[in-house]
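The structure under discussion appears below in the form of structure tokens.
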Amino acid sequence: MSHPVKDIDRTPEYDQFMQQLRDFHESKGTPFQPEPVLGGQKLDLLKIYQTVIKAGGYKKVTENRGWKQVGDPFDFPPTCTNSAYILKLVYTKNLLGWEEEHYWKRPWNPPKEQFELKTIGTPSTASTPAASKPRDSARKTATAFTYQNAQPIPAFPPPGMMAPPPAPIFHQPQREMWIEVYVDESFPTRIMHSLTCTLPNEIDWAFNVLVRFSCTAENFSIDYMPTLIDSLVEFAEPFFKTHIQPILEHLEQVKEQDDESPAPVENLFSSKKIQQEYERVLQVFHVIRNFSFTDINIRSLAQNARLRDLLMMAISLPTDSQYAELSRHSLDIIESISPQIVLQSTDDDYLMAMHRLLTSPDRALVLGALRALTRVAVSESNESILAAVHYQNIIVRMSQFLLVDDEELVAATLEYLYQYSSLKGNFSVTLLKNYPGNLVGLLVGYLSYKSTLAPRTSALNSTIHSIPAAQFAKESKGQAQPPAIPDLTEYMNLDEPYRCLGWLREKLVAGTAEDKIEFKTIFGEYNELFGKQKPLATKEFYTVLKIAFPQPDSVEEAVKTGSVPMNDLVLGKVKYAPPKEPEMVECHWADCTEKFKDEEGLHAHLVDVHVKTIEETAANEGDQMDTSDDDTQPEGKTYECRWMACGRRGFKHKGRIFQHLRTHFPGRVTKPMKRRNDKLSIEKIPVDDEDVSGVPLTAALLLRNLARTRELQSFLLPYKVELAQLAFQRPKLGAYAISVLEELHAAS
């Protein structure tokens, strides 16, 4: 029973807008649907247009994935799960051109596809669906299946169905999918009825629509059509029983009886019927494969036992089979649904099949198996089973992958090893003890690996082959901060750039906007002082200077663009530090307050003024002092020390009191010898400040997991110095290298 369709609030503003929009499409010669229906109500194009413009326009809403929010004012029912997709299609067809010309004031030329909508009632001569932009860069082959014998779109609805909307259901897409059938809520019912219909043209229509729809529907949940997967599987099962099972049974027979007879091969000149059946099965797998790339569909696909049986059969086919294309599609599906697969035992058919594919000479199969095995380990429910698997032979195979000059294969292998070393159990110990070579040395070498692949768009390796980034972010908490800046007061003994930083902070101070200094002046003074001690170059010096004294935006822009030569650059908000008062040497002789520029002046003052005989001192002070130093003190002149609270007496010669006075002064400070610097010299290490991802990042994470196992730390200790050097060489990787060193230090 159909529900009444909610009408539109037809205000004068709405009527005027719709008339202008209708005239616009007539002038362009493009089709126009004024009142499309979605969720049991007519869509108000004026309201949609105003909402999109308020959000920044079509491009902004698409970039921010805000089409669902555009539909919020309409309050669609919960069953309308594809509202965002439909609203985008409706806007693209009816309102995008209006926005371009009347809001952005840009000329708009209608795409050819919109003109084709007018003639869609006639059979199309070519029904080759093309893929839109892939939703996942790792799935660049997620395209719709090319079906050369596509039937024309039926002119009448299937029996017992409601009348379709007046606009055409679908047509050949190029860049956008102008499929108006999705506006109608009866779409799922029509598809299911057509799949169960016995009329060939109805089945062809359903599959053609599903292939295109699955390729472009980013937010569609197959739970909205609960029996869809089972219906699709029913089309593939007869073909598998007739053509796939005999091949697998023969392979099993060869394995058991050591029979070398060739596998059964279909007649190369197969009948048209068999070819059509095979193409239909490929269509089934194309649709399921495309749906598997959407996260909301993974669980439903993984829990379908009938589908899983077909997938296991398909990936078990030999690589030279005439049905090898089924293996490729099945492996893509398995890779996508692996996080939701629940293993039953160590002999689970999934594990057996994936481990068998690791021995394949086909690179694509090996990569697919590695990624699928990595993703299945994400589920905690599989951890106990995976911990009980015997990995000796697998580790040997992994060692071969790590030696191949293939970045994608190496990255997938490292991700597998990292994921499994993160599980509970002894995988890390098994890995190092069974690895036929120096794995730790190889991993340390991979820390300097320069990736040739395009960098990933997310920070901290947002996904490792679609494994959630939260898993890595959680483990990276609490890691050590980079080493602190050393004490800059003794900058003369520091290496660059700390020497330069200390000198600048002593030489300059922060000033106001009116304070300016010529860059060449301060740089010249720096070179004059350190010119023979490997000073920094111009740009490096400026970098250190702006760290110590941030520069105005105008100066930064001039340096960045190169509009002003460095020799002509004028620094702002910085000035010379006021000259320091010279340090004076104070005389601490009793009742003396004289000060001198240096110790030489103080020494002359002591000799001329204070080193006197006791008699002379007593005469000057009018006081008779005890002249005895001991019982054997001979009569005559003696000297006394009155430096601070010393009071030592009885020195018969000036030479003796001079020797005594030396005890009150520190030794002469000699020029410090240039000490040998056994530490790492930062200026001699080439610094790579690029973001790290892929091979070096995964290698660092794997090393950290190995370092956490006390039994394996002896394997990593010889690489402590190299890890410390890499922490400086690649700052973006430094936190991970330091975390490995911390694990080693904690155990020592």
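Taken together, the values in this text are just the output of simple stated rules run on the coordinates, not laboratory data. Computed from a predicted structure; not experimentally measured. Neighbour counts are summed over all protein chains in view; Cβ atoms, including those assigned to glycine, are modelled from backbone coordinates with ideal geometry.
Rounded to a whole number of µm²/s, how large is the Stokes-Einstein D of the stretch 12-110 at 20 °C and 1.002 mPa s, given Rh as the Kirkwood radius over C-alpha pairs?
Working: Rh = 13.9 Å.
The calculation lands on 154 µm²/s.
What is the stretch 478-577 by shape, rounded, prolate or oblate, if you read a ≥ b ≥ c off the alpha carbon gyration tensor as root eigenvalues and call it rounded for a/c under 1.5, prolate for a/b larger than b/c, and oblate otherwise? Numbers along the way, then the final one.
Working: a/c = 1.61, a/b = 1.34, b/c = 1.21.
Here the stretch 478-577 falls in the prolate category.
The slack between Ser448 and Asn527, meaning 0.36 nm per residue of separation minus the straight C-alpha distance, is 25.1 nm.
Rounded to the nearest whole Hz, the Karplus-based 3J(HN,Hα) values (6.51 cos²θ - 1.76 cosθ + 1.60, θ = phi - 60°) of the stretch 25-38 follow the sequence 5, 5, 5, 8, x, 9, x, 9, 10, x, 9, x, 10, 8, with x at glycine and proline.
A crude spin-label estimate for the pair Ile53 and Val509, with each label 7 Å from Cα along the Cβ direction, gives 5.9 nm.
Tally Lys and Arg at +1 and Asp and Glu at -1 over the other residues with C-beta under 11 Å from the C-beta of Asp349: what net charge comes out?
So the surrounding residues net to -1.
Note on Thr242 and Asn438: their simple-model spin labels are 6.1 nm apart, each label 7 Å out from Cα toward Cβ. May I ask you to evaluate 6.51 cos²θ - 1.76 cosθ + 1.60, the Karplus curve with θ = phi - 60°, for each residue of the stretch 706-721 and list the ³J(HN,Hα) values in order in whole Hz, giving x for glycine and proline? With the stated coefficients, the stretch 706-721 comes to 5, 5, 6, 8, 4, 5, 9, 5, 5, 6, 9, 4, x, 10, 5, 5 Hz. List the pairs from Lys54/Lys93; Lys507/Lys732; Lys595/Lys637 whose alpha-carbon separation is above 27 Å, in the order I gave them. Correct reply: Lys507/Lys732; Lys595/Lys637.
Taking R0 as 30 Å, what's the FRET efficiency between Gln392 and Asp295 from their Cβ-Cβ distance, rounded to 0.05?
Numbers: r = 35 Å, r/R0 = 1.17.
Computed FRET efficiency for Gln392 and Asp295 comes out at 0.30.
In terms of packing, defined here as the mean over residues of other Cβ atoms within 10 angstrom, the peptides 726-736, 220-230 line up highest first as 726-736, 220-230.
Can you check what the net charge comes to around Thr198, using other residues whose Cβ is under 15 Å from the Cβ of Thr198 (Lys, Arg +1; Asp, Glu -1)? Computed value for this residue: -2.
Say each of Lys720 and Gln659 gets a label point 7 Å from the Cα, pointing the same way as Cα to Cβ; how far apart are those two points in nm? It works out to 5.0 nm between the two label points. Using the Karplus relation 6.51 cos²θ - 1.76 cosθ + 1.60 with θ = phi - 60°, the per-residue 3J(HN,Hα) values for the stretch 412-422 come to 5, 5, 5, 5, 4, 5, 5, 4, 6, 6, 7 Hz, with x marking Gly and Pro.
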